Amino acid sequence: MVIIAFYNLKGGVGKTASAVTFAYLAAANGLKTLVWDLDPQV
Ligand SMILES: Nc1ncnc2c1ncn2[C@@H]1O[C@H](COP(=O)(O)OP(=O)(O)O)[C@@H](O)[C@H]1O
Ligand SMILES: [Mg+2]
């Protein structure tokens, strides 16, 4: 299992956008993928 996390205290820097894009690419390449956005503000 591979875990990739994006972390930054600042908002609006692209954490969610990056996580969704990486998850999409992983899933599109056949990896079983869970995307979990823990941002308090989505
Ligand atoms: N690489 C990028 N290029 C252009 N706009 C981006 C990029 N990454 C994020 N954004 C835009 O910046 C805003 C905030 O991004 P978001 O992923 O929600 O940030 P975070 O999760 O860090 O708060 C969104 O409107 C998003 O579309
Ligand atoms: Mg976010």
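The values are calculated or read from the model by the stated rules, or taken from the named source; none is laboratory data. What you are looking at is a predicted structure, and each value in this text was computed from that prediction instead of being measured. Positions of Cβ are backbone-derived with ideal geometry, glycine not excepted, and every protein chain shown enters the neighbour counts.
Here are some notes:
- Among the residues of segment 3-22, those that are more than 11 Å from ligand 2 (Cβ to nearest atom) and either in contact (Cβ under 8 Å) with a residue 12 or more places away in the chain or touching a strand residue (DSSP E or B) at 6+ places or on another chain (Cβ under 6 Å) (or both) comprise ILE4, PHE22.
- Residue check for LEU25: away from ligand 2 (no atom under 15 Å from the Cβ), out of contact with any His (no Cβ under 7 Å at 6 or more places or on another chain), outside any helix (DSSP H, G or I) and modelled with pLDDT of 95 or more: no
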